[in-house]
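The values are calculated or read from the model by the stated rules, or taken from the named source; none is laboratory data. In this text the structure is predicted, and so the values were computed from the model without any measurement. Note: ideal-geometry Cβ built from the backbone for every residue, glycine included; neighbour counts use all protein chains shown.
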Amino acid sequence: MTPREILIIGGGPAGAVCAERAARAGLGVTLLDDHLAWEKPCGGGLTHKALRAYPFLLDGPQRKKIVRQIELKAGDDPPAKIALDSPLVIYSRETLNGLLLDRAERAGCRIRLARAVSFDVSSARPMICLADGTQLQADFVVLAAGARNRLLPAASKPAPAPLAPADFEQTAGYYVPAESDILKIKFLPEFRGYLWSFPRADHLSVGICGKLDESSTATLRRHLDAYMDEEGLSREGARFYSHLLPSPRAQTLRSRPILGANWALAGDAAAMVDSITGEGIFYAMRSGELLGESLAAGHPETYPRRLRAEFGSELERAAGLAPRFYRERFLGAAITVRTIDFARRSPTFRRLLAGLFTGSQDYRTLPLRLWAQLPISLAEMAWSTLAGR
């Protein structure tokens, strides 16, 4: 039977887009969140593939920053500057979440400020208990409350286990009262993660991420403070933040169930994040959309297959490549260092990197393209060196 009453826990991009799609199809949808539109400590970047799928994110009147240039650094080497043919758009998460929730509400979704504390799927209609003691039932429950959410269907067979520490990265950063038009990323030696400076409409989001099971908070703060000094950014008036974000291993994406008889996971709760770049907003929105469409069609069982066919296997490839990208060496130096070196001196390689940032280059064809273009990139690097001398 088609689920008619849908309960969604989590008002971020995944939950809001799922709510909109299901409500537009005439289903009864209630969305619960204990924050609703709030500022989440992440970059807030949307790639060209996200803007192509959701053009209202570029065309709407909401405040945003449009970015057409990226600077990449590794260690103390000079930066590589990459011009983007297709821009990135950066929102504050409070603005983005509010926009998506408004769209869900206009589609007919009931939105409620509430905190769910327990979840029982032992009966055909799952039961949700709220912090105020209220109990709610629905035909189907969507869990989209983030990766750290412990509200999982333990009685389900199979049941998704909470993500392990190795499936998270820790972030720390500042909202800095400054402006820029350039997105900056810096890699550190022997460090699985990166520093960033993301320009937003009225401030910078400057931060660092590192694997939770490999990096201490003190180490992250030390690297972050040194980076801000290097960039000439004052911490006076800046607001500090820290958060955990998913950075799944390949085996987690392969084996963790995201659908049961009357429940499903979407967005960060389903660990739908690129483990190399950290991009998650597009995958959250699209996973919510795919789930909403599957529910509207009366076939929620098609959701995992559709998700894997569209980008699930791509994220699995990224998770498999991430340890190699951050840890291995190529031509006598760390891959991160060689990446910046190639990008600085090879126009061909810069175009490939630009494709990764905008989403036009996938991981499936990346190795083949890298090897096919390697002779051209090496020739361009040699010519750049000779011309420089």
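Structural remarks
- Counted residues, the range 2-29 - those being surrounded by fewer than 24 Cβ atoms within 10 Å (Cβ to Cβ) and acidic (Asp, Glu): 1
- Pick from the range 30-43, criterion crowded, with 24+ Cβ neighbours inside 10 Å and not charged (D, E, K, R), ranking: nearest to Leu204 (Cα to Cα): Gly43
- Here Pro165 does not fit the description of being surrounded by fewer than 22 Cβ atoms within 10 Å (Cβ to Cβ) and either farther than 30 Å from Leu353 by Cα or touching a His at 6+ places or on another chain (Cβ under 7 Å) (or both).
- Within the range 126-149, the set of residues being buried (at least 16 other Cβ atoms within 10 Å of the Cβ) and in a loop (DSSP other than H, G, I, E, B) comprises Pro126, Ala138, Asp139, Ala144, Ala145, Gly146, Ala147, Asn149.
- Taking first residues from the range 135-156 that are more than 22 Å from Val273 (Cα to Cα) and partners that are surrounded by fewer than 14 Cβ atoms within 10 Å (Cβ to Cβ) and of a type in the set (Gly, Ala, Ser), the Cβ contacts under 6 Å between residues at least 6 apart in sequence or on separate chains come to Ala155/Ser122.
- Residue list for the range 341-378, restricted to those being within 24 Å of the chain's Cα centre (by Cα) and either in the same structural domain as Phe282 (by TED's automatic domain parsing) or closer than 15 Å to Asp85 by Cα (or both): Arg350, Arg351, Leu352, Leu353, Ala354, Gly355, Leu356, Phe357, Thr358, Gly359, Ser360, Gln361
- Only one of the numbered conditions (1) free of Cβ contacts under 8 Å to residues at least 40 places away in the same chain; (2) buried (at least 19 other Cβ atoms within 10 Å of the Cβ) is violated by Leu353, and that is (1).
- Qualifying position, being touching a helix residue (DSSP H, G or I) at 6+ places or on another chain (Cβ under 8 Å) and modelled with pLDDT under 90, among Asn97, Asn149: Asn149
- Criterion (in a strand (DSSP E or B), of a type in the set (Lys, Arg) and either in the same structural domain as Leu265 (by TED's automatic domain parsing) or surrounded by fewer than 20 Cβ atoms within 10 Å (Cβ to Cβ) (or both)) met by exactly one of Arg63, Arg68: Arg68
- The set of residues in the range 164-189 being under 14 Å from Ala226 (Cα atoms) and of a type in the set (D, E, K, R) consists of Lys186 alone.
- One residue stands out in the range 154-210 among those that are among the charged types (D, E, K, R) and part of a strand (DSSP E or B): the one that is nearest to Thr95 (Cα to Cα), namely Lys184.
- Pairs, first under 20 Å from Gly260 (Cβ atoms) in the range 275-301, second among the polar types (S, T, N, Q) and surrounded by fewer than 20 Cβ atoms within 10 Å (Cβ to Cβ), C-beta under 7 Å, six or more apart: Ser294/Thr302; Gly298/Thr2
- Search result, residues across the range 127-156 that are under 16 Å from Arg112 (Cβ atoms) and hydroxyl-bearing (Ser, Thr, Tyr): Thr134
- Helices (runs of 4 or more DSSP H) wholly inside the range 243-345 containing at least 3 residues that are in contact with a helix residue (DSSP H, G or I) (Cβ under 6 Å, 6 or more places away or on another chain), at pLDDT 95 or above and buried (at least 20 other Cβ atoms within 10 Å of the Cβ): 281-296
- Residue-level check: of (1) closer than 30 Å to Pro199 by Cα; (2) buried (at least 18 other Cβ atoms within 10 Å of the Cβ); (3) of a type outside the set (Val, Ile, Thr), Pro153 misses just (1).
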